[in-house]
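Visitor: Quick one: the structure is below, questions incoming.
Read-outs throughout are calculated quantities, based only on the coordinates presented, and are distinct from any laboratory measurement. Everything numeric here is computed off the predicted structure, so don't read it as measured data. Every residue, glycine as well, gets a Cβ built from its backbone with ideal geometry; the counts of neighbours run over all protein chains shown.
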Amino acid sequence: MTTRTRIARLRTLGLAGLATTGAAAAALTLMPANAQAAELTQAHTSTAVTASSGDTSRTASRSGSANNLDGWIKQSLQIMKAKGIPGSYDGLKRNIMRESGGNPSAQNNWDVNAQKGTPSKGLLQVIDPTFNAYHVTGTAHSVTDPVANITAAANYAAHRYGSIDNVNSAY
């Protein structure tokens, strides 16, 4: 490998590292403080975190799953399996972290959907019409309910892309 090639490769790797670090920092900066506290609590304990809004739908454990991102994904996977919706834990988590940083209350108020009056909401940033069209029975009929949001988004991705695992960018 020539010196010029090495320098170009290092420059590319350095920029990719900075972009990744910058994206993570931006996500944390944009995330509400209570969501950051919840993430830290979830990362260091196995107990459920009560939402500060008093929303009891996220304070109780469902079907034996922990009331956190890991539990919501696992519960959604159980429903997806029962309904024949393809997808994996890794595919769901990768897309959730890109779309909302794991914040079930995330809402995009600036993209083209928001400009048209239908902001993207929840863990997988689903708009209301898509949620309503791909809602899966057995989940709450609320776009911001973590399990309902994940399951509806996975159902949509299955119909559009074959699986949530095939989604690697905004969808």
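Visitor: Could you give the distance between the Cα centres of the range 123-139 and the range 151-166, to the whole Å?
Guide: 11
Visitor: Considering only the other residues whose Cβ falls under 13 Å of the Cβ of D111, what net charge follows from Lys and Arg at +1 and Asp and Glu at -1? Numbers along the way, then the final one.
Guide: Details: positive: K116, K121; negative: E99.
Net charge in that neighbourhood comes out at +1.
Visitor: Okay, moving on. Could you give the length gained by full extension between H159 and A82, i.e. 0.36 nm per residue of separation minus their alpha carbon distance, to one decimal place?
Guide: 26.1 nm
Visitor: Using 7 Å Cα-to-Cβ label points, what is the S169/A140 separation (nm, one decimal)?
Guide: 3.3
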